[in-house]
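Working notes, structure below.
Nothing in this text is a laboratory measurement; each read-out follows from the coordinates by a stated rule. All values derive from a computational prediction rather than experimental measurement. With ideal geometry, Cβ positions are generated from the backbone for all residues, glycine too; neighbour counts draw on all protein chains shown.
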Amino acid sequence: LLWVLGGTALFSRRCMRWARRADEVTEAVLAEEQQALGFSKPVALYVTSGTASPAAMGLLRRRIVLPEADYEEKHLRFVLRHELVHLKRRDLWVQLLLCAARAVHWLNPLIWLLVRQARADMELTCDDVVLAGAEQGERRAYSETLLAMLHRQRSGALTTHFYGGKELMKERFRNIMAGKGRRWGAAALCIALLLTAAALGMVACTALQPEALTEEELAMWQERVGSEEWYGFFVNCYSDAEHLDLDEIFRYGA
């Protein structure tokens, strides 16, 4: 957990050290996308050489960083809309929750699989929001934008990234071109299993309360204690057998 948080701080410092505010054209595109998504507070946008991939960052001070490159307007809109959707849904906080779950259940392979699937679903559902109601031509253009990011490398920091690995990119291509949308069932299942695993890890052991014996059970117990077989058993349990008192044994045993 400290490794991820430390990496996030270093990544943020590296990005902001070489960052500059975006130009007016890029800022205008960002403002249009924010208005379309219903943002109440503006999101800061920076261009920096400290990152190789567009990313949203900041749990409290939300901002988007873009690598220094020349973007076509359609590609720029897709990139900004994608990162804005992440911020709108507070996916950074979800990533923090997943990171905490993995830290607590470090040796549980199921949690690692769930975290991996949850992150994949995060990107796939984000694509669905970006392309809601989009025609096939727009979907193809969005795929071209993803294709342009295939050479990008993502860091281990607590940020969103447009690129998520080749295997995930292939799945995203299939999801985008199919245009069927992705249900929230898998994500809900992951969250439910995470909460279940966390609850199982914090279960407390409580002592069972003794139940009162019936008269028949007391009589049966007294008869067994007084038998030679049970008397020999109790004698072997005591180091001082000379002072053994059957009445006391019965009372403590009952």
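So here's what we get for this one:
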read-out: Loop-located GluC sites (Glu not before Pro) in the stretch 84-149 whose Cβ has at most 12 other Cβ within 10 Å (DSSP); value: Glu135
read-out: Cβ-Cβ FRET estimate between Leu110 and Ser49, R0 fixed at 41 Å, reported to 0.05; value: 0.55
read-out: Separation in nanometres of the label points that stand 7 Å from Cα toward Cβ, at Leu2 and Arg174; value: 4.1
read-out: Arg13/Glu135 FRET efficiency (R0 45 Å; Cβ-Cβ; nearest 0.05); value: 0.60
read-out: The stretch 13-88: trypsin sites (Lys or Arg not before Pro) in DSSP loop, at most 12 other beta carbons within 10 Å; value: Arg61
